[in-house]
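Written below as structure tokens is the structure these notes are about.
The values are calculated or read from the model by the stated rules, or taken from the named source; none is laboratory data. Here the structure is a predicted model, which means the values were calculated and not measured. As a convention, Cβ positions derive from the backbone with ideal geometry for all residues, glycine included, and neighbour counts pool all protein chains shown.
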Amino acid sequence: MRIPVVVLSAILVSAAAPLFSGGTGDESLGSEELPVKWGFVPPHNDPDFEASMEEYLVPFSLEAGLFIEAELFDSFSALVDALSSSSVHVALLPALTYLVPFQRGVVQPGLVATQDRVASTDLIIRDDLDLFGDSLPPMRIARFGDLDPSGWLLPRIILARYGISDGTFEIFETESHEATISALAEGDADVGAVPSRLSEVPLELPAGVSVLAVVEGVGGDGIHFLSTMDHAVAAKITESIMARSDSQRLGYLGEILGWQALEIVNDDVFDQYRLILRSVGLDAENLP
């Protein structure tokens, strides 16, 4: 039995910190000897993201009066690990991903984007798996990145709404969204999730694999700071970003991510996302 594709558009219903340590002890964060590391997970729609971000950061660094370098990661799990080890100072994080390092005291909230588009996720399934029979069959879920919204967090919320929760499935770890599709096609997993577009063309699935549901993204992408980061440095970056936002000069970063503007926020902005988790019996403390 197959249910129709459903777009879940209603899913959205620190004391003074020490200076970041490193180098010989004489450098300050943002100097040439100790540049600010800004962590990104490249979006799926730009294979040239690394070169584009390096080019973007040259004038931005001049405006902020800081040396800033882009650090790219294969997954949000790896990016959060880098934050946890204090090897990255600033990070671009989706809302659901942000909840985890904040809960652990690793990041402080910074800015959140107003977006003109939010990527959707396809929950995909092997055609020979019947989720709607008299009993739930043994299930293997392909997971790419335990803190990736498309690869795990969003599908976990949707599966929980179907009554599929911890203890009712096994995890099959994959190394990319493409590998998730292959895992289903080859019979290594039964269910998985991938962005609805992995490139400029719509997603194409192999025979025997189809879309169970389309999950609308929740938005809330933002730029957040290491909790132990020098406040003065974070303030310089924030001021420069907001100057660009206010003058509609977000440029490449806005174009590739669909950002219209940025707003300085407190953590309570993210309570709506915590409510989404709690509505299906999940909590940031027990993610992923």
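Values for this structure:
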read-out	value
For ILE237: the one exception among (1) of a type in the set (Val, Ile, Thr); (2) under 26 Å from ASP48 (Cα atoms); (3) modelled with pLDDT under 95; (4) more than 20 Å from the chain's Cα centre (by Cα)	(3)
Helices (runs of 4 or more DSSP H) wholly inside the stretch 49-135 containing at least 3 residues that are more than 20 Å from ARG274 (Cα to Cα) and touching a helix residue (DSSP H, G or I) at 6+ places or on another chain (Cβ under 9 Å)	49-64, 76-84
Condition check for MET229: assigned to a loop (DSSP other than H, G, I, E, B) and within 30 Å of SER31 (Cα to Cα)	yes
Counted residues, the stretch 72-98 - those being buried (at least 24 other Cβ atoms within 10 Å of the Cβ) and polar (S, T, N, Q)	1
Residue in the stretch 144-188 that is farthest from the chain's Cα centre (by Cα), counting only those that are surrounded by fewer than 17 Cβ atoms within 10 Å (Cβ to Cβ), small (Gly, Ala, Ser) and assigned to a loop (DSSP other than H, G, I, E, B)	GLY187
Residues that are closer than 21 Å to VAL209 by Cα, modelled with pLDDT under 90 and of a type in the set (Lys, Arg), drawn from the stretch 141-171	ARG156
Among residues of the stretch 234-284, those that are in a helix (DSSP H, G or I), surrounded by fewer than 17 Cβ atoms within 10 Å (Cβ to Cβ) and touching a Lys or Arg at 6+ places or on another chain (Cβ under 9 Å), counted	3
Verdict on GLU216 being acidic (Asp, Glu) and buried (at least 18 other Cβ atoms within 10 Å of the Cβ)	yes
Single residue of LEU57, LEU72, LEU34, LEU66 found to be closer than 29 Å to GLU173 by Cβ and outside the structural domain of ASP148 (by TED's automatic domain parsing)	LEU72
